[in-house]
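Peer 1: Submitted below is the structure of interest, expressed as structure tokens.
The numbers here are math on the coordinates, done by the rules we state, and not lab data. This structure is a prediction, so every number in the text was calculated from the model and none was measured. Heads up, the Cβs are rebuilt from the backbone with ideal geometry, glycines too, and the neighbour counts pull from every protein chain shown.
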Amino acid sequence: MSADDPRGLTLTGGLPFFGGAGNNYSAHAICEAVQRCRDDRGAYALVGANGGWMSKYSTGIYSTEPADWSANDRYEKLSKATDGLSRATGPQESATVETYTINRGKTGSDGIFIGRNGQGERVCGNAELDHEATRALFESGEPFGAKLSITQDDRGRNIGRVT
């Protein structure tokens, strides 16, 4: 799709703008896709859905034209990636932030980051949001590439703080 495609990228506004986990947003998207296909016979619609913490993903292709399922090929199991990064084990000294999220709750917020250590291994942990400079960096929306010093708390979690 081109950036100026008049159809728009989503039927329902996408996950940040329409429901969320537990709010049945995927069923709403399927209903809208079916209705649009009915309005434009022969058209196709693709619905993507995610669940968990982006750990589950599914897609459905909808149309008013029947599909030939005689070969029983309704799904395809993909092979596991062999080129993934190794995960760091044990205590880490530092990590460079590649991505993050902040989970907001009634009792406070938790910052979660994923990054890499000096050896290029994947490191995940919690950002120390009680530390003013760390909180400000993560809440700015631009912690990407920041170097965090890592300690472990009494539960063995990696805790990152801006160095």
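Peer 1: Using 7 Å Cα-to-Cβ label points, what is the Thr99/Lys80 separation (nm, one decimal)?
Peer 2: Modelled inter-label distance: 2.0 nm.
Peer 1: Something else now. With +1 assigned to the C-beta of every Lys and Arg and -1 to the C-beta of every Asp and Glu, and no other charges, what is the dipole magnitude of the chain about the Cα centre in debye, to the nearest 20?
Peer 2: For the chain, the charge dipole is close to 360 debye.
Peer 1: Please give the contour-minus-distance gain from Asn72 to Ala43: 0.36 nm per residue of separation, less the Cα-Cα distance, rounded to one decimal in nm. Could you put the intermediate results ahead of the total?
Peer 2: Working: separation 29, 0.36 × 29 = 10.44 nm, distance 2.32 nm.
Using 0.36 nm per residue and subtracting the Cα-Cα distance, I get 8.1 nm.
Peer 1: Using the Karplus curve 6.51 cos²θ - 1.76 cosθ + 1.60 with θ = phi - 60°, what ³J(HN,Hα) values do you get for each residue of region 102-107, in whole Hz, with x for Gly and Pro?
Peer 2: 10, 8, 9, x, 5, 9
Peer 1: Taking the Cα centre of region 94-162 as the origin, how large is its charge dipole in debye, to the nearest 20, when only Lys and Arg (+1) and Asp and Glu (-1) carry charge on their Cβ atoms?
Peer 2: The calculated dipole for region 94-162 is roughly 140 debye.
Peer 1: Before rounding to the nearest 500, sum -39500 (n - 2.57) across all DSSP H runs of length at least 4 in the chain and divide by the residue total; then give [θ] at 222 nm in deg cm²/dmol. Write out the running numbers ahead of the final one.
Peer 2: Working: 2 runs with 23 residues, N = 163.
Value at 222 nm, helices only: -4500 deg cm²/dmol.
Peer 1: While we're looking at this one, here's another question. For the chain, which span is the longest to avoid every loop-located (per DSSP) member of trypsin sites (Lys or Arg not before Pro) having at most 15 other Cβ atoms inside 10 Å?
Peer 2: Numbers: sites that count: Arg7, Arg41, Arg74, Lys77, Lys80, Lys106, Arg155, Arg157.
Between the exposed loop sites, the longest stretch runs 107-154.
Peer 1: As I understand it, the value is the acute angle between the Cα axis of helix 25-39 and the longest principal axis of the Cα atoms of the chain; what does it come to in degrees, rounded to 10?
Peer 2: Tilt relative to the chain: about 30 degrees.
Peer 1: Return a whole-number percent for the relative contact order of the chain, with Cα pairs under 8 Å and 6 or more residues apart as the contact set.
Peer 2: 14
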